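Read the structure below first, then the notes.
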Amino acid sequence: MSNRDRMKFLKPLGLLVAGLVLSQGVSSARASIVFTFDPDGGGGFAPAGVTTFDQQPGNALAVGVINAQGQLVTGTPFTLLYQATSNVVLNTTGQTVFSYGSSAGFVPGELTVVAKFFEVATGTGLSSASFSTDTSQVGSFFRIYYDPVSNANNLAGTGFTDGTLIYEGTVLRDGTGDFNISNTTPVNLDQNGGNNYPALKAVTGTGGSLVNVQTTFFNPNFFLTDISNSVLTFDSQNNIPFRHVDPSVKMFDGTPAATTGSLGSTDGNPGATGSPKNFLFAADASSSLSVPEPNTVAGALTGLAILAGFGWKRRNKAVSA
Ligand SMILES: [Ca+2]
Ligand SMILES: [Ca+2]
Ligand SMILES: [Ca+2]
């Protein structure tokens, strides 16, 4: 290999290693960003700087989280489905910039969010469990739609995916969550307005989850800032029973949600063995975008300089040999 050929070989190798250092930096330190958002795309509402999509209380379903033996098994991946309206957009101080709806001054229509990703239980106790997304995320997604017609229906579980796709990402493997059951005495699952599910009970509990999403697509008619290297952080407070949203009959992909067959007679406490059980809970979330911290980029560039020096020394050695 001539010295010239060696340089050709070493250059891309150094860049590859520097790229790995950079990608590690991205996942470890991020700064939230203000991005310019047009709430109705080409419609009449003017764009403005925003930071956060504030979701209304919605539905989350842990599919098959309880196995046929009535157990939550640590390390066994399960699917998490989520759907909600997202009709408030906030600025950096938490003030509402855009609201969607039919009232005067509101942006016509709705934003909706659907997500599918994979979790594993990392620890389980008598009444509590912790979770992680540290499992294969092949096929995971987080999507935001704008629909000029407001038709999402939490009870039916319909109308969440019929708008224009404006954002999509894949779930990263550093998400965490927990859930704690405070009372196993069965109460009505649906305590939002009238009880739409008289046959279904639930335990009482709360939890939280923090899931990061790598942006893979954004619609430039809505996102006027280039957010292609951003990460969306989905921060959710989770509750059972349902007090602020109706439990969904089905999820956006057609999976049965609040039915006796999928949840057992008491949601969150399947007890009896038989078939695997799902766990349905209310999820009240918000989603913000961030990018790598400038300091982290500087650190990665220092790494690049060190690697470049390393390559130079090797080339010198090759010349003297
Ligand atoms: Ca507009
Ligand atoms: Ca819709
Ligand atoms: Ca209800």
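The values are calculated or read from the model by the stated rules, or taken from the named source; none is laboratory data. Please read all numbers here as calculations on a predicted model, not as lab measurements. Positions of Cβ are generated from backbone atoms using ideal geometry, with glycine treated the same way; all protein chains shown enter the neighbour counts.
Looking across Val63, Val26, Val17, one residue alone is more than 16 Å from ligand 3 (Cβ to nearest atom), within 23 Å of Ala115 (Cβ to Cβ), at pLDDT below 50 and hydrophobic (A, V, I, L, M, F, W, C). It is Val26.
Residues that are part of a strand (DSSP E or B) and over 17 Å from Leu61 (Cβ atoms) within segment 214-258 comprise Gln214, Thr215, Thr216, Phe217, Phe218, Phe223, Val231, Leu232, Thr233, Asp235, listed in sequence order.
Among the residues of segment 206-217, those that are touching a Gly at 6+ places or on another chain (Cβ under 9 Å) and either under 30 Å from Gly268 (Cβ atoms) or surrounded by 21 or more Cβ atoms within 10 Å (Cβ to Cβ) (or both) comprise Gly207, Gly208, Ser209, Leu210, Val211, Asn212, Val213.
Condition first: at pLDDT 95 or above and within 16 Å of ligand 2 (Cβ to nearest atom). Can you find one or more residues in segment 215-224 that meet it? There is at least one residue in segment 215-224 that is at pLDDT 95 or above and within 16 Å of ligand 2 (Cβ to nearest atom). Looking at Gln137, Gln191, Gln214, can you tell me which residue is within 16 Å of ligand 3 (Cβ to nearest atom) and touching a strand residue (DSSP E or B) at 6+ places or on another chain (Cβ under 7 Å)? Every option except Gln191 fails the conditions. Does at least one position in segment 269-292 carry a residue that is farther than 18 Å from Gly159 by Cα, in a helix (DSSP H, G or I) and modelled with pLDDT under 95? No, every residue in segment 269-292 fails to be farther than 18 Å from Gly159 by Cα, in a helix (DSSP H, G or I) and modelled with pLDDT under 95.
Of the residues making up segment 106-149, those that are touching a residue at least 40 places away in the same chain (Cβ under 8 Å) and farther than 29 Å from Thr204 by Cα are Val107, Pro108, Gly109, Glu110, Leu111, Ser136, Ile144, Tyr146, Pro148, Val149. Across segment 62-76, the number of residues qualifying as surrounded by fewer than 16 Cβ atoms within 10 Å (Cβ to Cβ) and within 13 Å of Pro276 (Cβ to Cβ) comes to 6.
For segment 29-43, enumerate the residues that are over 20 Å from the mean Cα position of the chain (by Cα), modelled with pLDDT of 95 or more and more than 16 Å from ligand 2 (Cβ to nearest atom). Thr36, Asp38, listed by residue number.
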